[in-house]
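Colleague: I have a structure here, written as structure tokens, and I will follow up with some questions on it.
The values are calculated or read from the model by the stated rules, or taken from the named source; none is laboratory data. Everything quoted here is computed from the prediction, not taken from an experiment. Glycine also receives a Cβ, built like all others from the backbone with ideal geometry; neighbour counts cover every protein chain displayed. Heads up: the accessible areas ignore ligands, DNA and RNA and are worked out on the full protein's heavy atoms, side chains in. Shrake-Rupley method; radii C 1.70, N 1.55, O 1.52, S 1.80 Å.
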Amino acid sequence: LSFFRSVATKRALHAESASSVWSCFNSTVYPRFQLDLVRSYRWAMEWIVNEYPSVRVLLYSGELDLHYNYLALDAWTRQMKWPGQTSLVAAPLRPWVPGLIDTLFPQTPWGATRQVGNVTILRVAGAGHETCRDLPHVCPAYFRDFVLAK
């Protein structure tokens, strides 16, 4: 949590005025999205990547997530209608080794990533639906790599 609350992270996200109280779950917001959980939001992502191509996007899923699994994420992102669609379909899945090397397991992939332009798709190894709770040491690493464009 210290990573998400840090001044440097908030500055990199252009969220300097945001609260320093960050949590993985918000009991006020979550219930309001209960009916939306089973809907596709591919249309929203298509709109973002087409209307705001300079916005960097990170889409991730734990490889053990049964609720929103990486296979579904891979399928709908390959179907998005945007200028990078052909490149995304052709892009190889590469091992993801965080920029901040894990001292216990140096150079060990913590997942796999596919990137085209400003769109990054990440499959997090060993994580389920609650990626940041399942692997609290990995979550800051992929956000750090994303924020720092590594």
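Colleague: What pairs come up if the first residue lies in segment 64-85 and is within 14 Å of Val119 (Cα to Cα), the second is of a type in the set (Phe, Trp, Tyr) and surrounded by 13 or more Cβ atoms within 10 Å (Cβ to Cβ), and their beta carbons are under 7 Å apart, counting only those six or more places apart or on different chains?
Modeller: none
Colleague: Tally the residues that are modelled with pLDDT of 75 or more, of a type in the set (Asp, Glu) and more than 18 Å from the chain's Cα centre (by Cα), restricting the search to segment 14-63.
Modeller: 2
Colleague: Would you check which residues across segment 71-94 are open to solvent by 60 Å² or more (accessible area, probe 1.4 Å) and in a helix (DSSP H, G or I) and list them? Let's see the steps before the verdict.
Modeller: Of all residues in segment 71-94, those open to solvent by 60 Å² or more (accessible area, probe 1.4 Å) come to 71, 76, 78-79, 81, 83, 86-87, 89-90, 92-94.
Passing the criteria: Leu71, Trp76, Arg78, Gln79, Thr86, Ser87, Val89, Ala90.
Colleague: Any residue at all in segment 57-64 that's assigned to a loop (DSSP other than H, G, I, E, B), within 21 Å of Lys150 (Cα to Cα), open to solvent by 60 Å² or more (accessible area, probe 1.4 Å) and not acidic (Asp, Glu)? Steps first, answer last, please.
Modeller: Just the residues of segment 57-64 that are assigned to a loop (DSSP other than H, G, I, E, B), to begin with: 63-64.
If we keep only those that are within 21 Å of Lys150 (Cα to Cα) too, we end up with none.
No, segment 57-64 contains no residue that is assigned to a loop (DSSP other than H, G, I, E, B), within 21 Å of Lys150 (Cα to Cα), open to solvent by 60 Å² or more (accessible area, probe 1.4 Å) and not acidic (Asp, Glu).
Colleague: I need every pair where a residue in segment 126-146 that is over 17 Å from Leu71 (Cα atoms) has its Cβ under 9 Å from the Cβ of a residue that is surrounded by fewer than 19 Cβ atoms within 10 Å (Cβ to Cβ) and of a type in the set (Lys, Arg), sequence separation at least 6 or different chains.
Modeller: So the pair list comes out as Cys139/Arg133; Arg144/Lys150; Phe146/Arg56.
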